[in-house]
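Visitor: What follows is a single structure, and I will ask about it in a moment.
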Amino acid sequence: MRLDVLTIFPEYLAPLNVSLVGKACARGVLDVRVSDLREWTYDRHNTVDDTPYGGGPGMVMKPDPWGEALDTVLADGYEAGAHTPALVVPTPSGRPFTQELAVELSERPWLIFAPARYEGIDRRVMDEYATRMPVYEVSIGDYVLAGGEAPVLVITEAVARLLPGVLGNAESHRDDSFAPGAMADLLEGPVYTKPPVWRGRAIPSMLTSGHHGKIARWRRDEALARTAEMRPDLIERCDPAGFDKKDRETLSILGWAPEPGGRFWRRPSVVEE
Ligand code: 6GU
């Protein structure tokens, strides 16, 4: 996979050379190119932003540097044999970045990231490139960052670990919290390793019982409890067909009951406070 990043802070992307993404690059699975957007400015101050039309606070990124930078990167990539690019624009006004979208992006051969600083990029840039390629405007959560560079790191790591030959163990994907279909969209419960007692805290004895069926059931119940606690919205969204008899029992103990339609809702009597 080829991955271009156009940014006014190229140093911010240095972590792409570390850890899993760095290894994917070293192995030739990923080909990362970071370019400085200011290379495509021609004034003394290398200006990339200007005041917004219509007034208001902040600055907007000018279309000219983006247009020239994107045209250059596109020409370079095509020349190097890359094909079917997709433009990824991290922005708090984008659609949520999910595991499903990570999988979709991991199946594309060429991603071009256009992280914005300031109040965003002139809308005409996205409109222009959308006539030539898919444009994904994505947000990594409901909070505001100063720019899209950290989201580029986040999205790249989520995508890179899905590429064939990067994670080593193909099984590692299957149990991911949020892996589509896996563990029926529950969060993962607690995990333990040696020593068996640490600062007086023993591991749950179930895990050394040797009863693999009972251990799987215990893990499932822990996952249900964890999800009900941290992400009740995920329980409500679950297709109830994915719950077996013991799941329903566990949910009932946790204060959840099925509606006539079958979906689970937390009984109001059990909500704390
Ligand atoms: Cl993608 N960019 C910025 N600037 N802030 C964000 C974000 C992206 N996702 C959540 N907050």
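The values are calculated or read from the model by the stated rules, or taken from the named source; none is laboratory data. Predicted model only: the values in this text are computed from it and were never measured. Here the Cβ positions follow ideal geometry from the backbone for every residue, glycine too, while neighbour counts run over all protein chains shown.
Visitor: Right, Leu163: assigned to a loop (DSSP other than H, G, I, E, B) and either over 24 Å from Pro232 (Cβ atoms) or modelled with pLDDT under 95 (or both) or not?
Guide: It is true that Leu163 is assigned to a loop (DSSP other than H, G, I, E, B) and either over 24 Å from Pro232 (Cβ atoms) or modelled with pLDDT under 95 (or both).
Visitor: Same structure again: Test Pro109 against the stated conditions and say whether it is within 10 Å of the ligand (Cβ to nearest atom), modelled with pLDDT of 95 or more and surrounded by fewer than 19 Cβ atoms within 10 Å (Cβ to Cβ).
Guide: no
Visitor: While we're on this one: Consider Leu3 carefully, then state whether it is out of contact with any Ser or Thr (no Cβ under 6 Å at 6 or more places or on another chain), part of a helix (DSSP H, G or I) and in contact (Cβ under 8 Å) with a residue 12 or more places away in the chain.
Guide: no
Visitor: Report whether or not Leu186 is modelled with pLDDT of 95 or more and within 16 Å of the ligand (Cβ to nearest atom).
Guide: no
Visitor: Looking at region 91-113, I want the residues that are over 25 Å from Asp31 (Cβ atoms) and have a partner that is more than 10 Å from the ligand (Cβ to nearest atom) with Cβ atoms under 7 Å, at least 6 apart or on another chain. Which pairs are those?
Guide: none
Visitor: Grab the helices (runs of 4 or more DSSP H) fully contained in region 205-273, keeping just those with 2 or more residues being of a type in the set (Gly, Ala, Ser).
Guide: The qualifying helices (runs of 4 or more DSSP H) are 212-230.
Visitor: Can you name the residue in region 120-144 that is near the ligand (Cβ under 9 Å from one of its atoms) and more than 18 Å from Thr98 (Cβ to Cβ) and is also nearest to the chain's Cα centre (by Cα) among such residues?
Guide: Ranking the candidates gives Val144 first.
Visitor: Report yes if Ile112 is touching an Asp or Glu at 6+ places or on another chain (Cβ under 8 Å) and of a type in the set (A, V, I, L, M), otherwise no.
Guide: When the stated conditions are applied, Ile112 passes them.
Visitor: Restricting to region 115-151, name every residue that is surrounded by fewer than 16 Cβ atoms within 10 Å (Cβ to Cβ) and of a type in the set (Ser, Thr, Tyr).
Guide: Thr131, Tyr143
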